[in-house]
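Peer 1: Next up is a structure, given as structure tokens.
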Amino acid sequence: MIKIDKGAWDVMVAHAEAKFPSECCGAMIGKAGYEKHVTAAVPLENAYAGEQGARYELRPEDLLAADRSARAAGLDLIGIFHSHPDCDAYFSKTDLENSCPWYSFVVLSVKQGKFDHAASFLPNADQTAAEKEDLIWPKS
Ligand SMILES: [Zn+2]
């Protein structure tokens, strides 16, 4: 299960809506354990060179920097979030290919520029499937 605090959630939704109709991406930071607790979100740049309506790419150095600052604060990099503009929150084949099994992947569906729904996924080690993870976000 992954639970997202209101402060972090507001940052994620604002970033997803601001980048619409492009995909956004970012890092989720907090406490990892049996239940994951996201206390902060860091918007990162979508570094994908082509059309960003259905693709995102994270720079490894941006992720590394987010991981470092999380550790410096005594926290963990829990996962990655990205948006699906005018598309449901599912885990695509590309998402699976670009995933890593030790992170949670939260997908935010943004329809016509407004947040619609979200889901979290846990990819397996060979990146062949992702299981849905219980996601709790502050409903407003
Ligand atoms: Zn995706």
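Peer 1: Scanning region 106-133 for residues that are open to solvent by 50 Å² or more (accessible area, probe 1.4 Å) and among the charged types (D, E, K, R), which turns out modelled with the lowest pLDDT?
Peer 2: The residue in question is D126.
Peer 1: Answer yes or no: is there a residue in region 57-78 that is of a type in the set (V, I, T) and within 14 Å of the ligand (Cβ to nearest atom).
Peer 2: no
Peer 1: I would also like to ask the following. Being more than 22 Å from D88 (Cβ to Cβ), open to solvent by 50 Å² or more (accessible area, probe 1.4 Å) and either at pLDDT 95 or above or touching a Lys or Arg at 6+ places or on another chain (Cβ under 9 Å) (or both) is the filter here, so list the residues in region 16-41 that pass it.
Peer 2: Result: K31, E35, H37, T39.
Peer 1: Continuing with this model, one more query. Somewhere in region 91-105, is a residue closer than 21 Å to V11 by Cα, surrounded by 12 or more Cβ atoms within 10 Å (Cβ to Cβ) and out of contact with any Phe, Trp or Tyr (no Cβ under 8 Å at 6 or more places or on another chain)?
Peer 2: yes
Peer 1: Go through (1) over 13 Å from the mean Cα position of the chain (by Cα); (2) open to solvent by less than 70 Å² (accessible area, probe 1.4 Å) and name the single condition L64 misses.
Peer 2: (2)
Peer 1: What are the residue pairs meeting all of these: first residue in region 80-106, first residue under 18 Å from I136 (Cα atoms), second residue charged (D, E, K, R) and within 9 Å of the ligand (Cβ to nearest atom), Cβ atoms under 6 Å, and 6 or more apart or on different chains?
Peer 2: Pairs found: H82/E23; S83/E23.
The values are calculated or read from the model by the stated rules, or taken from the named source; none is laboratory data. Here the structure is a predicted model, which is why all the values come from computation and not from measurement. With ideal geometry, Cβ positions are generated from the backbone for all residues, glycine too; neighbour counts draw on all protein chains shown. Calculation scope for accessible area: heavy atoms of the full protein, side chains included, ligands and nucleic acids excluded. Shrake-Rupley method; radii C 1.70, N 1.55, O 1.52, S 1.80 Å.
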